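One structure is given here, and the rest of the page talks about it.
The values are calculated or read from the model by the stated rules, or taken from the named source; none is laboratory data. Note that the structure is a prediction, hence the values are computed from the model and not measured. Note that each Cβ is placed from the backbone with ideal geometry, even for glycine, and that neighbours are counted across all protein chains shown. When the accessible area is computed, the model is the full protein with side chains, heavy atoms only, and any ligands, DNA or RNA have been set aside. Shrake-Rupley method; radii C 1.70, N 1.55, O 1.52, S 1.80 Å.
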Amino acid sequence: MSSQAIGIDLGTTFSAVAYVNQHNVPEIIPNAHGDRITPSVILFDNDKEIIGIEAEKNAMGFPGQVAQFIKRHMGDPGYRFNYKDKSYSAIELSSLLIKNLKEGAQKRLNQEEIKYAVITVPAYFGQKERKATIEAGERAGLKVLKIINEPTAAAVAYGLNHRGSKKRCLVYDLGGGTFDVTIIEIQDNVIRVRATEGDPKLGGKDWDDRLMEHVIKHFQETYPEEEPLNDKSILHDLRSRCTSAKFDLTQRPETRIIVTYRNKPLRLTITRKDFEDLTKDLLDRTLEKTQTALKAANYTIENIDTVLLVGGSTRMPMVRRNIREMFQQEPSTEINPDECVALGAALTAALAAALESGKEAPIDIKTKDVAVHSLGMAAYQDGTLFNNVIIRKNTTIPFEHTVTNFANTHNGQSMMNLWMLQGDSINPLECTALGHFEFYGIPPRKALESKISVTYRYNQNGIVELEARDMETDKVLSHRISSEKYSLHDVINDNIPAHVALILDCSGSMYGEALEAAKVATRRFVEKNMNPNCSFAIFKTQSSKAIAGPTYDPAKLNKALNEVVAIGKSTLHRPLQAARRALKNRGSIFVIISDGYLSRAEEAQKECELAVRESIQHSPSKLRHKPYAFIVGHNDWWSINKNWKEFFDN
């Protein structure tokens, strides 16, 4: 591997990049201005993207053109930043930040191209955020060798100077937008994570927000006719002033914030005590998480040898004082809280690059991280859906566990559904749904004869992988994210969207009273079951396409029914084929209305079997000369020996 590997600390408010130099020492790479950290701010100026300090300085003058606090939105598919005719996702914005760091490093290191990186993430980032971070790195032209948790990276930087010793460390990481607390054991050259806790929506920004709210409240009390919250420019200016005030209060007991809006000034003196009173609940949240992490690691406060403070927000006196009081010791000052994460990432990048290229590692440090979230699946017990936890939080990763008690529930089943959950709660709705997966390609067998194993895996990046096998053939089943647009909430509340195909026998044997009775029964069925989650389509036996729908409009269905006449032979396989294709993979239910006198029944039977293999289940054993109505649903094909009116009325 000829290209230099870099470590990137992609922060909410500031980012940094580092590498391991020729002396095998990690070193921060300054940006073009000579600064060791770069504001994570992007200013869009026509066709140019300006990143860093210039963007931050221009935020007030061009508030609608500035994207910041992007990390808070990683993994959120609904977030967009819009500028002119372009719309950017958090992944796209983050890739611009990473690309800027990469290109700056290339110039500083005189590298034509840097191809490899390790990128840090908050320990409490979940599946979606971690995948988004990797994708952002790849879009920036990097091969992401690994993503590493920020507290672990800080411990790597600290552990470099403590190899050969045994230490129990607590890493308290309060950054600009996220908070993590991690219990780490350093022994010889191994850095082992014991437990981690955190909040990806808690950081220095929240202290700034609280101060902004305080200033705005005083401004509105002084000038009740004014509403500065509606002015983006004044909000950007106020944020800058509040952030500066927070920094001032780190060094001195009071400061002054001056705000002018519509030529109306406000001069507000803020003491350190005022600021700490305003934000006490935020600090308390971090201390509660700290106690939770200690408990999860089976440690007491007395077990901790060293407390490492990571992230610029730990410079606030209230943080250092409370940590000192809690642990009865001074926090370590050996590492720079702004730089240690990038330095640890650089060491990890050098190790990963050596491993990939087969070269000797420049340093001898090993890390063992943990799963920060429990991993489970939605399962039924006594008719209630619950979260069946498969891999527990704080399990050392990489780790995998295989469950072998899955079986097909009906004849010919070719697909299996699975909801994967992230979280500890037994209530699925209190967990994060990582995906609704469909495993397909199960060989057709009788009910309970297909045995399926499912392997749940946390890889080294803390990303979940899922694999299912047919145990008889040992074949790995293909899988996909379900195209169905319903949630676990819909499942629990029996509100799953359904798409009903009404297939009407219009052969000559249905002429007269029989067909009219079928129409009446069909209308009643639609009337009873029509709802926003249920669409209907009508097919008739002489047609290869729907004569109405799929639709949620009963008037359209009724119009089509009025035009149906009985004539000729019943060729059920053609509308079955059309319905199967039209409603494939859409949670389909088939309702077939017939007197049982069908021609070409064998072909219809084959269409039913195809429907079974496509998970539109279940076919009847016989189709000929039996008056019935029957349904193909998610669980069974229901054959009913009643007339249409009785069936639909019930």
(request) Would you be able to say whether some residue in the range 115-129 is over 27 Å from the mean Cα position of the chain (by Cα), open to solvent by less than 10 Å² (accessible area, probe 1.4 Å) and among the hydrophobic types (A, V, I, L, M, F, W, C)? (result) no
(message) Looking only at the range 422-459, count every residue that is free of Cβ contacts under 8 Å to residues at least 60 places away in the same chain and over 29 Å from H410 (Cβ atoms) and tell me the total.
(response) 4
(message) Looking at the range 323-349 only, could you name the residues that are in contact with a Leu (Cβ under 6 Å, 6 or more places away or on another chain) and surrounded by fewer than 20 Cβ atoms within 10 Å (Cβ to Cβ)?
(response) P331, S332
(message) Here is a check on your reading of the model: is I51 of a type in the set (V, I, T), without any contact (Cβ under 8 Å) to a residue 60 or more places away in the chain and within 21 Å of L142 (Cα to Cα)?
(response) yes
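Which of the following residues is among the small types (G, A, S) and either free of Cβ contacts under 8 Å to residues at least 60 places away in the same chain or not in a helix (DSSP H, G or I) (or both): A105, A123?
Working: A105 fails: either free of Cβ contacts under 8 Å to residues at least 60 places away in the same chain or not in a helix (DSSP H, G or I) (or both).
One residue alone meets the criteria, A123.
Would you be able to tell me the number of residues in the range 162-181 that are of a type outside the set (D, E, K, R) and within 21 Å of A16 (Cα to Cα)?
The initial filter retains those residues of the range 162-181 that are of a type outside the set (D, E, K, R), namely 162, 164-165, 169-172, 174-179, 181.
Applying the additional criterion that residues be within 21 Å of A16 (Cα to Cα) yields 171-172, 174-179, 181.
Qualifying residue count for the region: 9.
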(message) Are there strands (runs of 3 or more DSSP E) fully within the range 339-421 with at least 1 residues that are in contact with a Gly (Cβ under 6 Å, 6 or more places away or on another chain) and free of Cβ contacts under 8 Å to residues at least 60 places away in the same chain? List them.
(response) 384-391
(request) Could you tell me which numbered condition E138 fails, if it satisfies all but one of (1) crowded, with 19+ Cβ neighbours inside 10 Å; (2) of a type outside the set (A, V, I, L, M); (3) farther than 13 Å from V341 by Cβ? (result) (1)
(message) Suppose we keep only residues that are open to solvent by 40 Å² or more (accessible area, probe 1.4 Å) and aliphatic (A, V, I, L, M) within the range 202-245. Which one would you say is nearest to Y172 (Cα to Cα)?
(response) L235
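The rows are residues; the columns are (1) hydrophobic (A, V, I, L, M, F, W, C); (2) crowded, with 16+ Cβ neighbours inside 10 Å; (3) in contact with a strand residue (DSSP E or B) (Cβ under 9 Å, 6 or more places away or on another chain); (4) assigned to a strand (DSSP E or B).
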{"position": "H33", "(1), (2), (3), (4)": "no, no, no, no"}
{"position": "A67", "(1), (2), (3), (4)": "yes, yes, yes, yes"}
{"position": "R72", "(1), (2), (3), (4)": "no, yes, no, no"}
{"position": "L93", "(1), (2), (3), (4)": "yes, yes, yes, no"}
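Quick one: is K273 open to solvent by 30 Å² or more (accessible area, probe 1.4 Å) and touching a Phe, Trp or Tyr at 6+ places or on another chain (Cβ under 8 Å)?
On the way: open to solvent by 30 Å² or more (accessible area, probe 1.4 Å): yes; touching a Phe, Trp or Tyr at 6+ places or on another chain (Cβ under 8 Å): no.
No: the conditions fail for K273.
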(request) Evaluate the range 250-270: report whether one residue or more is without any contact (Cβ under 8 Å) to a residue 24 or more places away in the chain and either within 30 Å of A153 (Cα to Cα) or under 36 Å from the mean Cα position of the chain (by Cα) (or both). (result) yes
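To keep it simple, each residue is scored yes or no on (1) assigned to a strand (DSSP E or B); (2) within 30 Å of the chain's Cα centre (by Cα); (3) within 30 Å of A371 (Cβ to Cβ).
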position: Q460; (1), (2), (3): no, yes, yes
position: E465; (1), (2), (3): yes, yes, yes
position: R469; (1), (2), (3): yes, yes, yes
position: T473; (1), (2), (3): no, no, no
position: D494; (1), (2), (3): no, yes, no
position: V526; (1), (2), (3): no, no, no
position: A537; (1), (2), (3): yes, no, no
(request) Give the range 350-384 a look and list any residue that's within 21 Å of the chain's Cα centre (by Cα) and surrounded by 17 or more Cβ atoms within 10 Å (Cβ to Cβ), or say none. (result) D369, V370, A371, V372, H373, S374, L375, G376, M377, A378
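Pull up the range 557-568, narrow it to residues that are surrounded by 15 or more Cβ atoms within 10 Å (Cβ to Cβ) and either assigned to a helix (DSSP H, G or I) or at pLDDT below 75 (or both), then point me to the one that is nearest to the chain's Cα centre (by Cα).
At the first step, the residues of the range 557-568 found to be surrounded by 15 or more Cβ atoms within 10 Å (Cβ to Cβ) are 557-558, 560-561, 564, 566.
Now narrow it down to the ones that are either assigned to a helix (DSSP H, G or I) or at pLDDT below 75 (or both): 557-558, 560-561.
Numbers: L557: 40, N558: 43, A560: 44, L561: 45 Å.
It comes out as L557.
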(request) Could you give me the residue pairs with C-beta distances under 6 Å whose first residue belongs to the range 475-487 and is in contact (Cβ under 8 Å) with a residue 12 or more places away in the chain, whose second residue is open to solvent by less than 60 Å² (accessible area, probe 1.4 Å) and acidic (D, E) wherever it lies, and which are 6+ apart or on separate chains? (result) R480/E438; S482/E438
(request) Please determine, by comparing only the residues of the range 219-235 that are in a helix (DSSP H, G or I), touching a residue at least 12 places away in the same chain (Cβ under 8 Å) and under 33 Å from the mean Cα position of the chain (by Cα), which one is farthest from N58 (Cα to Cα). (result) L229
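Scan I216, I183 and give me the residue that is β-branched (V, I, T) and touching a residue at least 60 places away in the same chain (Cβ under 8 Å).
Details: I216 fails: touching a residue at least 60 places away in the same chain (Cβ under 8 Å).
It is I183.
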(request) Test each condition in (1) under 29 Å from T286 (Cβ atoms); (2) crowded, with 19+ Cβ neighbours inside 10 Å; (3) of a type outside the set (V, I, T); (4) over 33 Å from the mean Cα position of the chain (by Cα) for G198 and report the one that comes out false. (result) (4)
